[in-house]
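Taking it in order: structure first as structure tokens, then the write-up.
Each reported figure results from applying straightforward, stated rules to the coordinates on display, with no laboratory input. For clarity, every value in this text was computed on a predicted model and none was experimentally measured. Cβ: placed from backbone, ideal geometry, glycine included. Neighbour counts: every protein chain shown.
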Amino acid sequence: MDRETADDIKRHFDVVAEGLRREIGGLRNEIRAVDENTDRRFESVDRRFDESDRRFDDLKRHFDVVGEALRSDIRPVAEGVVGLDEKFTQEFVMVREEIREQVGDVKSLLRASLHSPMSS
């Protein structure tokens with residue numbers, strides 16, 4: 001191979017190599033831009049997750065407060081129901097005893113009237 005052909009081949013490779021360097025440089029810039037864009041998106045997602053976590057924590061605290069307030073409101077109602085249950089149970093026992101006494105009185109009156117001389 002003569003010197004001129006060798007120089008032509010070298011120039012051609014130099015041109016190709018320079019083109020490849022520019023292409024690689026452009027690709028590096030594009031990759032860097034994509035990487036930076038990806039980083040920004042992940043940072044945005046991270047901020048959204050952080051905000052969601054804060055909102056969830058706020059909601060949880062709110063519902064804890066509401067739940068405790070409901071427990072405080074329900075407790076006296078439940079105690080009142082228990083008191084009413086006891087009162088009704090006592091009243092029921094008293095009424096039942098009174099009815100037994102009255103039934104006993106009626107039985108006694110019936111027996112007395114059946115055995116009295118006027119009923120014969």
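Give me the net charge for the shell around ARG41: Cβ to Cβ below 14 angstrom, other residues only, Lys and Arg +1, Asp and Glu -1. Kindly include the intermediate steps, with their values, before the conclusion.
Numbers: positive: ARG40, ARG47, ARG48; negative: ASP35, GLU36, ASP39, GLU43, ASP46.
Net local charge, ARG41 excluded: -2.
Taking the chain as the reference, fit the longest principal axis to its C-alpha atoms, fit the long axis of helix 3-115 to the helix C-alpha atoms, and give the angle between the two in degrees, 0 to 90, nearest 10.
Between helix and principal axis, roughly 0 degrees.
Can you tell me the convex hull volume per residue for the chain, based on C-alpha atoms, in Å³ to the nearest whole number? All intermediate terms of the calculation are to be shown ahead of the outcome.
Values: hull volume 23.4 nm³, N = 120.
It comes to 195 Å³ per residue, whole-number rounded.
At 222 nm, what helix-only mean residue ellipticity would the chain give, in deg cm²/dmol to the nearest 500, using -39500 (n - 2.57) for each DSSP H run of four or more? Don't skip to the end; give the middle numbers.
Numbers: 1 runs with 113 residues, N = 120.
Rounded to the nearest 500, the figure is -36500 deg cm²/dmol.
By the scheme Lys and Arg +1, Asp and Glu -1, what is the net charge of all other residues having a beta-carbon under 14 Å from that of VAL66? Can you show the working numbers first?
Numbers: positive: LYS60, ARG61, ARG71; negative: ASP58, ASP64, GLU68, ASP73.
Local charge sum for VAL66: -1.
Please compute the modelled spin-label separation between PHE92 and ALA78, points set 7 Å along Cα→Cβ, answer in nm with one decimal.
Distance between the two pseudo-spin positions: 2.2 nm.
Taking 0.36 nm per residue of separation and subtracting the Cα-Cα distance, what length does fully extending ARG40 through ARG61 add? Provide the component values of the computation, followed by the final result.
On the way: separation 21, 0.36 × 21 = 7.56 nm, distance 3.13 nm.
Gain on extension, ARG40 to ARG61, equals 4.4 nm.
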